[in-house]
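Participant: The structure that follows is given in the form of structure tokens.
The values are calculated or read from the model by the stated rules, or taken from the named source; none is laboratory data. Given the structure is predicted, the values throughout are model-derived calculations rather than measurements. Please note: Cβ atoms are built from the backbone with ideal geometry, for glycine as well, and neighbour counts cover all protein chains shown. Surface accessibility is based on the protein's heavy atoms, side chains included, excluding ligands, DNA and RNA. Shrake-Rupley method; radii C 1.70, N 1.55, O 1.52, S 1.80 Å.
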Amino acid sequence: MTARGAAPRAIASLTLAIAAAGCVPAVADSPPAPKAAAAPAAVAPSVPNAPPVPKPLPGPAGFAFRGSMIQGGTLIGQVPGGTRTLTLDGAPVPVAGDGAFLIAFDRDAPASQQLVATLSDGRTVARTLSIAAGNWRIENINAPYRGSASSDAEFERRRPAELAQIAAARARHVESDGWRQQFRWPATGRLSGFFGSQRVYQGKPGSYHSGTDIAVPAGTPFFAPADGVVVLAADAPFTLEGNLLIVDHGMGLTSAFLHCQRLDVKVGDHVTQGQQLGTVGATGRATGPHMHWGLKWRDARLDPGTLAGPMAR
Ligand SMILES: [Zn+2]
């Protein structure tokens, strides 16, 4: 039907050869986030073991931050005293009762973004954030781009309903303070796929990898990286994601766990950090058993590694 459907078999075998226990690289597991999205990105502490909430409250003059201003990174901040509303590049950012907030930066976030607090007396406090470029693994392939491997008739038939289900889950509003916690890895093992990595085919970029892959045997338990509420727990495998689980950590920060063998939680469950959520598998489009952990703040795609910090094994 379209160029995307060309030679799926060739792409699939190329993928098998290159990416053991990883995601199929030419396939995005959800629609790409818009560049420089109106929604601000999520936040990850740059100092992995620092306490999650910045204290004490700063004086009325300025912001306080903890985290790294880098593409794919997340940041926890504290608004100036007396703040009534907060925006990032014009988009509203929710502020917790204690003045803490979360923002994050998409994989392709612009080099600077503007944070503006409006105080109760009408004054504004602005801060320009300089966002460092991410260091993504880019691989140049001397072969023509052949499009996604995902387009066959069955995929085209099933995909719209799956995307609608994912969008509905992400649109749910939940209350959770998980975003304040120091995130943990849902599973530990060899990293077999890196957030942001991308193949460029004779100058034409393919989709970048939207999560971090951890290669562990099928049946390995995986655990909640932080507190949250289950907003999607697939009752049948999705075409790409397989058995998909999405946990909302509050403030628009969500974790997605792909290719699961089994899910132990259901929609609406409140999960606590470290709780077993299911087991790792190879359902959906995967080249072997692994945990693909994706992290988003609103529409911004984030690097789970910057939030979880170095993996202790
Ligand atoms: Zn992956």
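Participant: Checking Ala171 against (1) farther than 16 Å from Lys296 by Cα; (2) open to solvent by 70 Å² or more (accessible area, probe 1.4 Å); (3) among the hydrophobic types (A, V, I, L, M, F, W, C), which single condition isn't satisfied?
Facilitator: That leaves (1) as the condition not met.
Participant: Test of understanding: among Phe238, Phe195, which residue is of a type in the set (Phe, Trp, Tyr), at pLDDT 95 or above, in contact with a His (Cβ under 8 Å, 6 or more places away or on another chain) and open to solvent by less than 20 Å² (accessible area, probe 1.4 Å)?
Facilitator: Working: Phe238 fails: in contact with a His (Cβ under 8 Å, 6 or more places away or on another chain).
Result of the check over Phe238, Phe195: Phe195.
Participant: Return yes or no: is Arg127 in contact with a Pro (Cβ under 7 Å, 6 or more places away or on another chain) and open to solvent by 70 Å² or more (accessible area, probe 1.4 Å)? So that I can check it myself, show each step before the final result.
Facilitator: Working: in contact with a Pro (Cβ under 7 Å, 6 or more places away or on another chain): no; open to solvent by 70 Å² or more (accessible area, probe 1.4 Å): yes.
Spelling it out, it is not the case that Arg127 is in contact with a Pro (Cβ under 7 Å, 6 or more places away or on another chain) and open to solvent by 70 Å² or more (accessible area, probe 1.4 Å).
Participant: As an exercise: evaluate Ile166 against (1) within 16 Å of the ligand (Cβ to nearest atom); (2) modelled with pLDDT under 95 and give the number of the one condition it does not meet.
Facilitator: The failed condition is (2).
Participant: Tell me whether region 147-155 contains one or more residues that are outside any loop (DSSP other than H, G, I, E, B) and either on the phi > 0 side of the Ramachandran plot or open to solvent by less than 80 Å² (accessible area, probe 1.4 Å) (or both). Before the answer, list the steps.
Facilitator: First, pick out the residues of region 147-155 that are outside any loop (DSSP other than H, G, I, E, B): 153-155.
When the remaining residues are screened for being either on the phi > 0 side of the Ramachandran plot or open to solvent by less than 80 Å² (accessible area, probe 1.4 Å) (or both), the result is 155.
Scanning region 147-155, I find at least one residue that is outside any loop (DSSP other than H, G, I, E, B) and either on the phi > 0 side of the Ramachandran plot or open to solvent by less than 80 Å² (accessible area, probe 1.4 Å) (or both), so the answer is yes.
Participant: With region 66-108 as the region, which strands (runs of 3 or more DSSP E) entirely inside it contain at least 3 residues that are surrounded by 22 or more Cβ atoms within 10 Å (Cβ to Cβ)? Let's see the steps before the verdict.
Facilitator: Values: elements: 74-78, 83-88, 100-104.
Hits in region 66-108: 74-78, 100-104.
Participant: Checking Arg313 against (1) away from the ligand (no atom under 15 Å from the Cβ); (2) under 15 Å from the mean Cα position of the chain (by Cα); (3) of a type outside the set (Val, Ile, Thr), which single condition isn't satisfied?
Facilitator: Evaluating Arg313 over (1) away from the ligand (no atom under 15 Å from the Cβ); (2) under 15 Å from the mean Cα position of the chain (by Cα); (3) of a type outside the set (Val, Ile, Thr) leaves (2) as the failure.
Participant: A follow-up question, please. (1) over 16 Å from His259 (Cα atoms); (2) at pLDDT 95 or above: which one isn't true of Glu175, the others all being true?
Facilitator: That leaves (2) as the condition not met.
Participant: Go through region 247-295 residue by residue and tally those that are charged (D, E, K, R) and within 16 Å of the ligand (Cβ to nearest atom). It would help to see each step written out before you state the result.
Facilitator: From region 247-295, those charged (D, E, K, R) are 248, 262, 264, 266, 269, 285; that's our starting set.
Now narrow it down to the ones that are within 16 Å of the ligand (Cβ to nearest atom): 285.
The qualifying residues number 1.
Participant: Just to be sure before I move on: is Ala233 open to solvent by less than 60 Å² (accessible area, probe 1.4 Å), more than 16 Å from the ligand (Cβ to nearest atom) and not aromatic (Phe, Trp, Tyr) in the structure I sent? Spell out the reasoning first.
Facilitator: Details: open to solvent by less than 60 Å² (accessible area, probe 1.4 Å): yes; more than 16 Å from the ligand (Cβ to nearest atom): yes; not aromatic (Phe, Trp, Tyr): yes.
Here the answer is yes, as Ala233 does meet what is asked.
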